[in-house]
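The values are calculated or read from the model by the stated rules, or taken from the named source; none is laboratory data. Everything numeric in this text was worked out from a predicted model, so none of it was measured. Note that each Cβ is placed from the backbone with ideal geometry, even for glycine, and that neighbours are counted across all protein chains shown.
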Amino acid sequence: MPQSAVERASEVRLSDIISALSFALDLTEGQRMGHSARACALGMRMADALQLSREDRSDLYYALLLKDSGCSSNAARLFQIFGGDERRLKRESRRVNWTRTSLETFQYVRRNTAPELPFLRRTRKIISVAMNSRNNGLETFGLRCERGAQIALRMGFSEATAAGIRSLDEHWDGSGYPLGLRGQGIPLFSRIMNLCQTWELFGTEQGPAQALHVLRQRAGRWFDPDLVRIAASLGSDQHLWESLRGDELRKYVMSLEPGRSIHADDDRLDEICEAFAEVIDAKSPFTYRHSRGVARASLLIAQGLGLDPETCTMVRRAALLHDLGKLSVPNSVLDKPGNLTREEWSAIRLHPYYTQKILQRIDGFENLAFVASAHHEKLDGSGYFRGLYACQLTLPARIIAVADNYDALSAARPYREALPQEKVLQLISSEVPHALDGDCFAVLKQNSDVLARTA
Ligand SMILES: [Fe+2]
Ligand SMILES: [Fe+2]
């Protein structure tokens with residue numbers, strides 16, 4: 001059982017926490033973990049070649065790591081429009097030149113639209129999606145980019161960082177989204193970021209030579225031709241790609257942070273956790289405000305049990321981030337109204353594993369990562385993802401488990417309505433004390449009126 005010291009803000013480097021959280025954004029985008037970090041490293045090489053100032057390089061560094069922070073906000077809508085796995089849809093969207101009407105784009109739509117529907121209904125849906133592709137693109141890219149920019153501002157990053165994210169999907173020839181900006185009218189950061197995300201994707205999957213081939217093909221259409229020339233001059237550097245492979249990627253990217261490393265103070269850390277809770281909650285209409293609800297209930301229980309202020313702060317932050325791994329689950333599973341298949345259920349059961357995997361990378365977050373990832377564990381060993389027992393579950397972990405149950409039962413789910421308070425408490429009490437902690441539940445019950453009033 002991890003028992004490291006309670007995290008202190010002075011221990012947390014901004015590049016450490018943001019680069020770790022960028023791995024969660026990769027999951028939502030259906031990308032390989034490390035995609036944003038690798039794109040960031042490529043972008044920093046471009047920034048060097050362009051001789052950007054240290055301040056600009058710092059703004060660009062964080063814009064690259066957070067470029068997909070709006071990605072969860074259009075996930076449910078994409079599932080609604082296409083009726084398929086939106087993560088696969090997003091992953092493929094970078095490979096296909098979707099700005100041109102072609103057999104390739106039609107096949108992309110066909111592959112990703114409502115695979116479960118009977119033939120005739122599916123055909124009608126494919127035609128409807130293909131005919132509305134421009135409007136769908138405006139809506140979903142617009143939502144994603146604006147939300148991403150807002151999240152970056154909320155975390156305390158600059159307007160330049162936010163502007164880079166806002167125009168990420170604009171294309172040099174004006175065919176991008178959401179505003180159809182063109183040429184030099186697109187912020188330089190956005191031009192670099194758009195190129196780097198495609199460069200990384202093809203470079204990692206198909207090799208540096210193929211990646212440069214794609215960049216050259218799209219020069220003057222998607223990308224600024226001058227930036228493509230710079231990428232081509234850097235692309236033959238074998239060392240560049242070697243440094244992006246392997247377990248040391250995050251350390252490498254942290255070493256590229258421009259200037260002196262920034263440390264997050266307590267307020268900044270809270271802002272980052274709260275902003276990420278919004279990213280997590282935006283993934284599905286059914287979890288809207290869930291992380292913040294669990295944080296409220298957890299803090300109330302922790303304070304009611306008399307835990308010290310530092311532990312209360314850690315519990316609240318762990319609660320805000322507890323469902324981080326849910327960003328890995330497609331909305332076709334999260335928002336499914338019927339019973340889940342065995343495979344779908346396996347995807348759900350993995351989400352606390354991803355929470356742990358991502359958060360434990362952050363220096364000083366070991367205890368928080370354990371607490372956050374234990375929210376589905378039960379005292380009798382019947383929980384997931386590790387099947388821990390009472391003797392392995394710390395009080396903070398027990399608090400979050402009770403708070404998570406409370407908030408989940410209090411909200412509607414795809415397969416049932418929200419339950420009244422009395423029923424919620426009755427259901428939780430049926431799991432006390434064999435599965436859920438009695439002391440935590442007693443404090444929750446005492447304060448349930450406060451929680452209901454402030455929900
Ligand atoms: Fe969960
Ligand atoms: Fe949860």
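Can you name the number of the only condition in (1) at pLDDT below 75; (2) touching a helix residue (DSSP H, G or I) at 6+ places or on another chain (Cβ under 7 Å) that Ala39 fails?
Among (1) at pLDDT below 75; (2) touching a helix residue (DSSP H, G or I) at 6+ places or on another chain (Cβ under 7 Å), the lone unmet condition for Ala39 is (1).
Any residue that is within 14 Å of ligand 1 (Cβ to nearest atom), in contact (Cβ under 8 Å) with a residue 24 or more places away in the chain and among the basic types (Lys, Arg) - is there at least one of those in segment 321-344?
Looking for residues that are within 14 Å of ligand 1 (Cβ to nearest atom), in contact (Cβ under 8 Å) with a residue 24 or more places away in the chain and among the basic types (Lys, Arg), one finds at least one in segment 321-344, hence yes.
Considering each of Leu388, Leu393 in turn, give the residue that is over 23 Å from Thr313 (Cβ atoms), of a type outside the set (Ser, Thr, Tyr), away from ligand 2 (no atom under 15 Å from the Cβ) and modelled with pLDDT of 95 or more. Write out each step before concluding.
Working: Leu393 fails: over 23 Å from Thr313 (Cβ atoms).
Exactly one of Leu388, Leu393 is over 23 Å from Thr313 (Cβ atoms), of a type outside the set (Ser, Thr, Tyr), away from ligand 2 (no atom under 15 Å from the Cβ) and modelled with pLDDT of 95 or more, namely Leu388.
Residues in segment 41-51: is at least one over 24 Å from Gly137 (Cα atoms) and touching a Phe, Trp or Tyr at 6+ places or on another chain (Cβ under 6 Å)?
To start, the set of residues in segment 41-51 that are over 24 Å from Gly137 (Cα atoms) comprises 41-51.
Pick out the ones that are also touching a Phe, Trp or Tyr at 6+ places or on another chain (Cβ under 6 Å) and you get 42.
Within segment 41-51 (the criterion being over 24 Å from Gly137 (Cα atoms) and touching a Phe, Trp or Tyr at 6+ places or on another chain (Cβ under 6 Å)), the answer is yes, since at least one residue qualifies.
Condition test on Ser175, is it hydroxyl-bearing (Ser, Thr, Tyr), modelled with pLDDT under 95 and surrounded by fewer than 17 Cβ atoms within 10 Å (Cβ to Cβ)?
On the way: hydroxyl-bearing (Ser, Thr, Tyr): yes; modelled with pLDDT under 95: yes; surrounded by fewer than 17 Cβ atoms within 10 Å (Cβ to Cβ): yes.
Yes: the conditions hold for Ser175.
Could you figure out which of (1) surrounded by fewer than 24 Cβ atoms within 10 Å (Cβ to Cβ); (2) in contact (Cβ under 8 Å) with a residue 40 or more places away in the chain isn't true of Arg182?
So Arg182 meets the others, but not (2).
For segment 284-303, name all the residues that are touching a His at 6+ places or on another chain (Cβ under 7 Å) and more than 15 Å from ligand 1 (Cβ to nearest atom).
Scanning segment 284-303 gives no hits.
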